[in-house]
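> This is the structure I want to talk about, given as structure tokens.
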Amino acid sequence: MIRISPIRLIDEDGAQVGVIETNKAFEMAQERGLDLVEISPNAKPPVCKIIDWGKYQYQQSKKYQQSKGKQKKTSIKGVRIRPSTGENDLAFKADQAKKFLEKDCKVKIEIIMRGREKAFAGQSREKLKKFIDKIDFPYKIEQDTKRQFNGFNAVIAPD
């Protein structure tokens, strides 16, 4: 219930009725079988509108559903390798990365180093670059090779 009086009233067609008493506006809404809704409470005087509240909520939910359906969802898939990973395993992981790219997913490629492997960071970086070159699918590098605490990573996306 709107407690402030007078109010500026807008009818169901969007036309301004003017500044009238709240009780009269409420009666007008009831005569038409609609609801009186406060649109702008901070205005002087407050602005109210005569609308069908159920229909309004339905339209808002439809707009939300349509905008949600138009959003493009991208996901990031991960592929982890080690500096000591063999060639056959690298070929398998490259095929995995290619499948992820075909499904329009971004791929985060990580090379994890442990213990003494951290002393050979340059070789690990080169291995990561060679691995990325092995992927025979058009891609763009979204995040270039970046040093992490325990290795390197890079993010590629379908082109």
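> Applying the selection to region 146-157, what residues are modelled with pLDDT under 90 and either polar (S, T, N, Q) or in contact with an Asp or Glu (Cβ under 9 Å, 6 or more places away or on another chain) (or both)?
GLN148, ASN150
> Being closer than 30 Å to LYS98 by Cβ and either modelled with pLDDT of 95 or more or within 13 Å of the chain's Cα centre (by Cα) (or both) is the filter here; which residues of region 43-78 pass it? Outline the logic, then answer.
So in region 43-78, the residues closer than 30 Å to LYS98 by Cβ come out as 69-78.
Answer for region 43-78, where residues must be closer than 30 Å to LYS98 by Cβ and either modelled with pLDDT of 95 or more or within 13 Å of the chain's Cα centre (by Cα) (or both): GLY69, LYS70, GLN71, LYS72, LYS73, THR74, SER75.
> So, of the residues in region 82-120 that are crowded, with 16+ Cβ neighbours inside 10 Å and of a type in the set (Asp, Glu), which turns out to be nearest to the chain's Cα centre (by Cα)?
Top of the filtered list is GLU110.
> Hey, another quick one. Quick one: in region 11-28, of everything that is crowded, with 16+ Cβ neighbours inside 10 Å and over 22 Å from LYS55 (Cβ atoms), which residue is modelled with the lowest pLDDT?
THR22
> Turning to a different aspect of this structure: Within region 140-154, which residues are of a type in the set (Val, Ile, Thr) and in contact with a helix residue (DSSP H, G or I) (Cβ under 7 Å, 6 or more places away or on another chain)? Please lay out each step first, then the result.
Residues of region 140-154 that are of a type in the set (Val, Ile, Thr), as a first pass: 141, 145.
The answer is THR145, and nothing else.
> The conditions are (1) assigned to a loop (DSSP other than H, G, I, E, B); (2) surrounded by fewer than 12 Cβ atoms within 10 Å (Cβ to Cβ), and GLU31 fails exactly one of them. Which is it?
Result: GLU31 passes all but (1).
> Further question on the same structure: Of all residues in region 135-159, which are closer than 21 Å to ARG116 by Cβ and either among the acidic types (Asp, Glu) or free of Cβ contacts under 8 Å to residues at least 12 places away in the same chain (or both)?
Answer for region 135-159, where residues must be closer than 21 Å to ARG116 by Cβ and either among the acidic types (Asp, Glu) or free of Cβ contacts under 8 Å to residues at least 12 places away in the same chain (or both): just PHE149.
One line per residue, one yes/no per condition, for (1) more than 18 Å from GLY86 (Cα to Cα); (2) of a type outside the set (D, E, K, R):
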{"residue": "ILE112", "(1), (2)": "no, yes"}
{"residue": "GLY115", "(1), (2)": "yes, yes"}
{"residue": "ALA119", "(1), (2)": "yes, yes"}
{"residue": "SER124", "(1), (2)": "no, yes"}
{"residue": "LYS127", "(1), (2)": "no, no"}
{"residue": "LYS130", "(1), (2)": "no, no"}
{"residue": "GLU142", "(1), (2)": "yes, no"}
{"residue": "ASN153", "(1), (2)": "yes, yes"}
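> Tell me whether region 72-92 contains one or more residues that are free of Cβ contacts under 8 Å to residues at least 60 places away in the same chain, in contact with a Leu (Cβ under 8 Å, 6 or more places away or on another chain) and either under 16 Å from ASP159 (Cα atoms) or of a type outside the set (D, E, K, R) (or both).
Yes, region 72-92 has at least one match.
The values are calculated or read from the model by the stated rules, or taken from the named source; none is laboratory data. What you are looking at is a predicted structure, and each value in this text was computed from that prediction instead of being measured. Every residue, glycine among them, receives a Cβ derived from its backbone with ideal geometry; neighbour counts consider all protein chains shown.
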